[in-house]
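The values are calculated or read from the model by the stated rules, or taken from the named source; none is laboratory data. Model, not experiment: these values are computed from the prediction. We place every Cβ from the backbone using ideal geometry, glycine too, and count neighbours over all the protein chains shown.
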């Protein structure tokens, strides 16, 4: 007698039920059923259909769904859970409908449109250990969705599931609480320092030539060294991150072991006399790529190339990390913020560069200092707010503001003498107090402490132009702007570059940079002031007067206050600025 042929196939199985269903029914049978039907009609069924799922069967509170793809199954589950979270916002906790979901990829048996087998059983057991609103998936599922789904899952380790012969490695939707269950050798939990840390993994040598290891290893080591100069973010030591050289790149597992919130990884591929380097910054918590770049170049001087690539990577990574941390800070309630979060918010307000936002920034920095009186960066930020108001020409007692800026900046340096940021801010305080020799010295200290601090190089270019070293200042400004294309302060630097070219008697070039400054920030009054000077020298009188009028609209009185602008040490350079306004008939 021939056995009946059994139909099998590989599938992603999703099992779901309603947490606390019996309690909900006991409290309100008709209301619970009505709400559950509405949720299915409006949210669940459309999400399943959207991601090409097939509802195999339903029970009073549960569902069994088959997907052809693990990616579709997980995306559908995440859409359902996020939708339910939104709907439950205004619902009392004891009345909420919350699903628990389990997903496994495995072999299933099909019989009369129903499905059976271990693939189904494991999905059901995963659902049973998921938290309300959570999703648990097997390692087989995780391997297929990793790097393909824009959602983070925490490794819960190998878990003994009821009536399943072997332990299953379980991954749970990030942020969900771990269910009480027997766990075998649980994965280490991610513990983070007060400030976000970063690990640089050894760059992978993709050319297959062991002799090229020196380049890929050297690149990683140089990035670690330069990142360490950004004292905002602790950097994992080289010996720790290099322990993972040659191992499988499970970024989230490595981040846990290193207690790193961010990871830089990359690869090096050499062919003939050319090399291609790729690098990416990854948020270890979510798995998202925050920044990525590819470098292609000829190898004429391998060490110079290594330095150039390193500098570009490091100068891009630090701002991206700060932006990512600010986004996380903005989701926190004010009552739960710590000094670091207040500092980040202060920086964000300063970047908006309006007088009102400077006041808001000062409140953030003051709060950070209240929480941590030894916080150097917060003191530097506080000094920065006074310097910004001097820049905007909105202070009545400039001498008092200069003193406040200097006091806070000196405090920042006293608290952390190795901080490039603190020395940069102190250099600004000296500049506004017309102590240019000290300003140059502090700016050089800032770039020496952190060679990848592009704003410090930009400041040095501006300071050198002010003391009369115009050509060197212009060169530094242009080179640094090329490296720092996305800095929120670039409209200031382009205005400074335009002013420097006016002094170099190259007004056509100056005009180009001043137009770029206005394109980046059309409401920055200072740029229109310098533009009026430039157009006056060029004999474009009507345009110069229109620029002056726009400056007055944005900042009433600024043109009058700067009629005799004495920013340069050289009196002739200052007269040249005034002459541009005189030619346009804007001053007598």
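Residue 276: surrounded by fewer than 16 Cβ atoms within 10 Å (Cβ to Cβ), touching a strand residue (DSSP E or B) at 6+ places or on another chain (Cβ under 6 Å), closer than 20 Å to residue 205 by Cβ and at pLDDT 75 or above, yes or no? Working first, answer last.
Values: surrounded by fewer than 16 Cβ atoms within 10 Å (Cβ to Cβ): yes; touching a strand residue (DSSP E or B) at 6+ places or on another chain (Cβ under 6 Å): yes; closer than 20 Å to residue 205 by Cβ: yes; at pLDDT 75 or above: yes.
Spelling it out, residue 276 is indeed surrounded by fewer than 16 Cβ atoms within 10 Å (Cβ to Cβ), touching a strand residue (DSSP E or B) at 6+ places or on another chain (Cβ under 6 Å), closer than 20 Å to residue 205 by Cβ and at pLDDT 75 or above.
Filter the range 17-35 down to residues that are modelled with pLDDT under 90, under 13 Å from residue 84 (Cα atoms) and either in contact with a strand residue (DSSP E or B) (Cβ under 7 Å, 6 or more places away or on another chain) or not in a helix (DSSP H, G or I) (or both), then give me how many there are.
From the range 17-35, those modelled with pLDDT under 90 are 19-35; that's our starting set.
So of that shortlist, the ones also under 13 Å from residue 84 (Cα atoms) come out as 19, 35.
Then keep just the ones that are either in contact with a strand residue (DSSP E or B) (Cβ under 7 Å, 6 or more places away or on another chain) or not in a helix (DSSP H, G or I) (or both); that gives 19.
Qualifying residue count, the range 17-35: 1.
Can you find a residue that is surrounded by fewer than 20 Cβ atoms within 10 Å (Cβ to Cβ) and either at pLDDT below 90 or part of a helix (DSSP H, G or I) (or both) anywhere in the range 378-387? Give the steps one after another, and end with the answer.
Taking the range 378-387 first, the residues surrounded by fewer than 20 Cβ atoms within 10 Å (Cβ to Cβ) are none.
No.
Would you confirm, using the coordinates I've provided, whether residue 71 is surrounded by fewer than 18 Cβ atoms within 10 Å (Cβ to Cβ), in contact (Cβ under 8 Å) with a residue 24 or more places away in the chain and closer than 28 Å to residue 254 by Cα? Steps first, please.
Numbers: surrounded by fewer than 18 Cβ atoms within 10 Å (Cβ to Cβ): yes; in contact (Cβ under 8 Å) with a residue 24 or more places away in the chain: yes; closer than 28 Å to residue 254 by Cα: yes.
Yes.
For the range 290-307, what are the residues that are surrounded by 13 or more Cβ atoms within 10 Å (Cβ to Cβ) and at pLDDT below 75?
Hits for the range 290-307 are 299, 302, 305, 306, 307.
Residue 529 passes all but one of (1) assigned to a helix (DSSP H, G or I); (2) crowded, with 20+ Cβ neighbours inside 10 Å; (3) modelled with pLDDT under 90; which number fails?
(3)
Determine which single condition residue 490 fails, assuming it passes every other condition in (1) modelled with pLDDT of 90 or more; (2) crowded, with 16+ Cβ neighbours inside 10 Å.
So residue 490 meets the others, but not (1).
Residue-by-condition table, conditions (1) in the same structural domain as residue 289 (by TED's automatic domain parsing); (2) more than 22 Å from the chain's Cα centre (by Cα); (3) modelled with pLDDT of 70 or more; (4) under 28 Å from residue 339 (Cβ atoms):
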| site | (1), (2), (3), (4) |
| --- | --- |
| 180 | no, yes, no, no |
| 205 | yes, yes, yes, no |
| 208 | yes, yes, no, no |
| 212 | yes, yes, no, no |
| 215 | yes, yes, yes, no |
| 218 | yes, yes, yes, no |
| 234 | yes, no, yes, yes |
| 239 | yes, yes, no, no |
| 255 | yes, no, yes, yes |
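Would you mind listing the strands (runs of 3 or more DSSP E) fully within the range 106-176 where at least 3 residues are buried (at least 16 other Cβ atoms within 10 Å of the Cβ)?
Details: elements: 114-116, 135-138, 153-159, 168-173.
In the range 106-176, 135-138, 153-159, 168-173 are the strands (runs of 3 or more DSSP E) which contain 3 or more residues that are buried (at least 16 other Cβ atoms within 10 Å of the Cβ).
Being closer than 26 Å to residue 551 by Cβ and either part of a helix (DSSP H, G or I) or touching a helix residue (DSSP H, G or I) at 6+ places or on another chain (Cβ under 6 Å) (or both) is true for just one of 495, 446. Which residue is that?
Details: 446 fails: closer than 26 Å to residue 551 by Cβ.
Exactly one of 495, 446 is closer than 26 Å to residue 551 by Cβ and either part of a helix (DSSP H, G or I) or touching a helix residue (DSSP H, G or I) at 6+ places or on another chain (Cβ under 6 Å) (or both), namely 495.
Looking at (1) modelled with pLDDT under 70; (2) out of contact with any strand residue (DSSP E or B) (no Cβ under 8 Å at 6 or more places or on another chain); (3) surrounded by 17 or more Cβ atoms within 10 Å (Cβ to Cβ), can you tell me which one residue 287 breaks?
So residue 287 meets the others, but not (1).
Please determine whether any residue of the range 555-568 is within 30 Å of residue 317 (Cβ to Cβ), assigned to a helix (DSSP H, G or I), touching a helix residue (DSSP H, G or I) at 6+ places or on another chain (Cβ under 9 Å) and without any contact (Cβ under 8 Å) to a residue 60 or more places away in the chain.
Of the range 555-568, the ones within 30 Å of residue 317 (Cβ to Cβ) are none.
Scanning the range 555-568, I find no residue that is within 30 Å of residue 317 (Cβ to Cβ), assigned to a helix (DSSP H, G or I), touching a helix residue (DSSP H, G or I) at 6+ places or on another chain (Cβ under 9 Å) and without any contact (Cβ under 8 Å) to a residue 60 or more places away in the chain, so the answer is no.
Of all the residues that make up the range 41-66, how many are buried (at least 17 other Cβ atoms within 10 Å of the Cβ) and not in a strand (DSSP E or B)? Talk me through it step by step, then tell me what you get.
Quick first cut of the range 41-66, residues buried (at least 17 other Cβ atoms within 10 Å of the Cβ) only: 43-44, 47-48, 51, 53, 56, 61, 63-66.
Still in the running and not in a strand (DSSP E or B): 43-44, 47-48, 51, 61.
The qualifying residues number 6.
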